[in-house]
Amino acid sequence: MIKNYFKTAFRNVLRHKGHAAINVSGLAVGIAACILLFIVIQYELNYDKFQPNYKQIARIVTVDKYPDGDEYNPGVPYPMADALRAEFPQMMFGNLYASYGSQVTVLGNNTSKVSADKKFIESTGIFFADPDFFKVFHFDWLSGSPELLAEPNQTVLTQKMAEKYFGNWQSAVGQFIKLDNIITLKVAGILKDVPAHTDLPLAVITSYVTIKHNDGYGYTTDWGSTSSNQQVYMLLPRNTSVTSMNSQLDAFAKRHNDGVRRERRSHFLQPLSDLHFDNRFGNLGDHVTTRSTLWTLSLIGVFIMIMACINFINLSTAQAVNRSKEIGIRKVLGSNRRNLFWQMMGETAIVVFVSLVIAAAIAQLCLPFIKHIDSIEEPLNVFTAQTLLFLLIIAVAVTIFSGLYPSLIVSGFNPMMALKNKITSASIGGISLRRGLVVTQFAISQVLIIGTIVAVSQMSFVQNADLGFNKNAVFVLSTNADSVARARQLSFKQDLLQIPGVQSASFSSDVPSSDNNWGTNFAFDHRPDEKFTLYLKWADEDYLKTFGLELLAGHNVPPGDTISQVLINETLVKKLGLKNPQEAIGHEIRLGSQRNPWKTIAGVVKDFKTNSLREEIRPTLIATRKNFYSVTSVKIRSNNLAATRDAITKAWDRTYPEYAANNYFMDESINNFYRQEEQLSLLYKIFAGIALFISCLGLYGLVSFMAVQRTKEIGIRKVLGASIGNIVYLFSKEFTLLILVAFLLAAPLAWYMMSNWLSNFAYRISMGVSVFGLAIVLSVFIAWITVGYKSVKAALANPVKSLRTE
């Protein structure tokens, strides 16, 4: 019996090839989109879940409470780990320090020889850890053990890095590398490669005790210095709650902080399960994804699938009228409602199965392009156990959702009415249903269209926003700020200025706009410490000239190696309660401890964007301090960028032969701020296109069906004088009205969703009437094109032939 159901169903599918092709196309594209979204979401949700103690691991983070808002920091003071171990001996804490953009020089067996082709800049993955870190986290060791990290100048490489530096990991053990041209390290162990979906992308792990004996990484016993690079992780005992531990950390913070810091600072636990999804703190991996983003992706997948199923229901109920005689004959010959129901469901299952196969092939072909919508670089595969299970669930759900209603309708036909050809769209309730389904489809499409318009407009605004400085044609080179590099800076600057294409050059700790948030407590005009953080940028006297920063009052800082006078920005002037920039000139400011000397404010700089446009401009101070200059910024004339860049790189190699050139253009760095927003914008474009494709596919199918059903009516209208325009209008008016109704439903939802997304930006566009107007015009235009072809074809048909059609 079941075999007969499917055989009959298969024949019916072949008999109605056009109807089946439209359904298969819509379902295949929809399912393929859902597969890709499932793979992305599953990948993001599985970050660090390979850790055996995943649910018990937490990071200790810092929050400083100020009157105008809280400031969150993933780091803690340097001496905190040792203090925690002393006060909570029954608990396990792992110390971790991250270094970004470090240089690794491969020395091999000869510690005194540096090979020019063995220098590598590692943007991430360079860490300092203690043995206890590997008691909190579990990683597999190919050689060595965590205990070796108790000794200074010992390092561990992952298998991938060992092969990169030494050819194979077995020969790497016992050899030497140099880190940042500061520390010579012995390779004492090898770790198995860390999975890619982790927020702890270990590559080179050096003993933490090494930085305690080295000045190059900022280690200090001062509790007032908190760096996001310095982090502590905790293995929470099974009988200890997060709430009780947070209370103990509050008391701990009060014991170890003094003055105003005791009142405003606290620490709490951030579970490992939140690291990848909490954008207040960031993480040590390549990106943060919020759970709301994953929910948005999930909803898009559900919407796309619903639209594909709506197509099937629409076309199947419409096509049911043409099959009324077939159903009537089957009932007369003895088929009951159950037999017919399962036959219809069998047809649905065949269409869904074919769609599923095609969808899996489309998804597999599209997988290499996922990196453009998410930061996934490792190879992925559709045919995994989890994805195949998801496909099975999709197949069952789509078959039931798509096939249930049409099957119930068709199997319930009255045989007498069916044989007399009295079954119409109206008699099966199909007209009102199809109208509702078309409205649903276009409402979903318009939500995605509005989302696309808003996302694209915001990203255009971001790219063209006035940052308050000149980001174009600024070539940036960075290195560590050690004594060797500093000693050669003057001669390097002189070489740079001799290059014809170079306009100016500046040394600094940081470029104007970056993710660097070096902050400190401070006092102004001999008052008590202010109740907000001051952010610092150390730079020489050419910083303003190189980046085109505008001086509003006073004068530039004089040349010098240490702080003598300082510059502040407009935001700081306002937060200090001063009426205008000129009023700040000559006043004094003190950074950090009360023991530090007061410095005179020499000038006020016009506000520039210190971070991304997601954040408000921060109160900032600029001063000379050569010990922290690790960035060289070179302003280039734009007429010959490539040649000038090459000349700068050669000058670098001459001055710093032992340093690899870590360089980039400033505008590229700014664009990297918004990589995830660009990806989301691209995602909206893709899925708005898919939604429109599926909607138009269904619309085309319905218009095709209507054209056949109304062949005689069209012939009579033409005989009575109707023009082609009248016929096209006949087909278009109802769908245009339905699209307008869909817009009324879509607009509030789209406004709510995109307002939430825009709230992530301190500087953003406003969603005016034009955004919604463009969406509705685009939807109607595309629908007219879809309907127009079939309408014109029907209108051009010979009315004589139309009137002869039964």
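Here are a few things to note about the model shown:
- Taking amide H as placed 1.01 Å from N in the peptide plane, LEU107 has its amide H under 5 Å from the amide H of PHE176, ILE177, LYS178, each at least 5 places away in sequence or on another chain.
- Solvent-accessible surface of region 83-193, taken per residue with a 1.4 Å probe and all protein chains present: 41 Å².
- Residue-level accessible surface for GLU163, protein heavy atoms, 1.4 Å, Å²: 80
- The listed residues TYR700, TYR165 rank as TYR700, TYR165 when sorted by accessible area, largest first, using a 1.4 Å probe.
- Karplus-derived HN-Hα couplings along region 252-266 (A = 6.51, B = -1.76, C = 1.60, θ = phi - 60°), whole Hz, x at Gly and Pro: 4, 4, 5, 5, 9, 10, 10, x, 5, 5, 5, 7, 9, 9, 8
- Residue pairs, from the table LYS119/LYS626; LYS65/LYS135; LYS192/LYS212, whose Cα atoms sit over 30 Å apart: LYS65/LYS135
- Working ranking of peptides 492-500, 151-159 by packing, defined as the average number of other Cβ atoms within 10 Å per residue, highest first, is 151-159, 492-500.
- Only Lys, Arg (+1) and Asp, Glu (-1) charged, at Cβ; region 560-629 dipole about Cα centre in debye: 140
- Check: region 545-690 dipole with +1 on Lys, Arg Cβ and -1 on Asp, Glu Cβ, in debye: 260
- Accessible surface of the chain [probe 1.4 Å, protein heavy atoms]: carbon and sulfur percent: 57
- Model label points for ALA150 and LEU299, set 7 angstrom from Cα along the Cα-to-Cβ axis, are 5.4 nm apart.
- Note on ARG764: accessible area approximately 120 square angstrom, rounded to 10, probe 1.4 Å, nucleic acids and ligands left out.
- Label separation (LEU744 vs ASN239): 6.5 nm, computed from points 7 Å beyond Cα along the C-beta direction.
- Dipole axis of the chain (+1 Lys, Arg; -1 Asp, Glu on Cβ), positive-most option in GLY554, TYR54, GLN679: GLN679
- For the chain, relative contact order (Cα pairs under 8 Å, six or more residues apart, normalised by length) works out to 15 percent.
- Each of MET92, MET344 has its accessible area taken with a 1.4 Å probe; listed largest first, they run MET92, MET344.
- By the helix-only formula, in which each DSSP H run with n ≥ 4 contributes -39500 (n - 2.57) and the sum is divided by residues, the chain has a 222 nm mean residue ellipticity of -16000 deg cm²/dmol.
- Debye log10 I(q)/I(0) at q = 0.08 Å⁻¹ for the chain, Cα point scatterers: -0.84
- For the chain, the Cβ-based charge dipole about the Cα centre amounts to some 4300 debye (Lys, Arg positive; Asp, Glu negative; other atoms uncharged).
- Exposure rank, largest accessible area first [TRP342, TRP223; 1.4 Å]: TRP342, TRP223
- Derived scalar couplings between HN and Hα for region 496-507 equal 4, 6, 7, 6, x, x, 8, 8, 7, 9, 9, 9 Hz in order, rounded to whole Hz, by the Karplus curve 6.51 cos²θ - 1.76 cosθ + 1.60 (θ = phi - 60°), x for Gly and Pro.
- Principal-axis tilt of helix 291-320 within the chain, Cα atoms, nearest 10 degrees: 10
- Solvent exposure of region 574-638 as accessible area per residue, Å², 1.4 Å probe: 44
- Cα long-axis angle, helix 17-45 against the chain (0 to 90 degrees, to the nearest 10): 20
- Computed extension gain for GLN386 through GLU668, at 0.36 nm per residue and net of the alpha carbon distance, reaches 97.8 nm.
- Against the compact-protein benchmark of 2.2 N^0.38 Å, the Cα-based radius of gyration of region 587-677 scales to 1.48.
- Accessible area of HIS256 (1.4 Å probe, protein heavy atoms only, ligands and nucleic acids ignored): about 50 Å².
- Centre separation in Å (Cα based) which lies between region 654-704 and region 484-521: 32
- Simple label model, 7 Å out from Cα along Cβ direction - ASN596 to GLU541, nm: 2.4
The values are calculated or read from the model by the stated rules, or taken from the named source; none is laboratory data. Quantities reported herein were computed from a predicted structural model and do not represent experimental measurements. In this analysis, Cβ positions are derived from the backbone assuming ideal geometry, glycine residues included, and neighbour counts consider all displayed protein chains. For the accessible areas, the whole protein counts, side chains as well, though only heavy atoms, and no ligand, DNA or RNA atoms are used. Shrake-Rupley method; radii C 1.70, N 1.55, O 1.52, S 1.80 Å.
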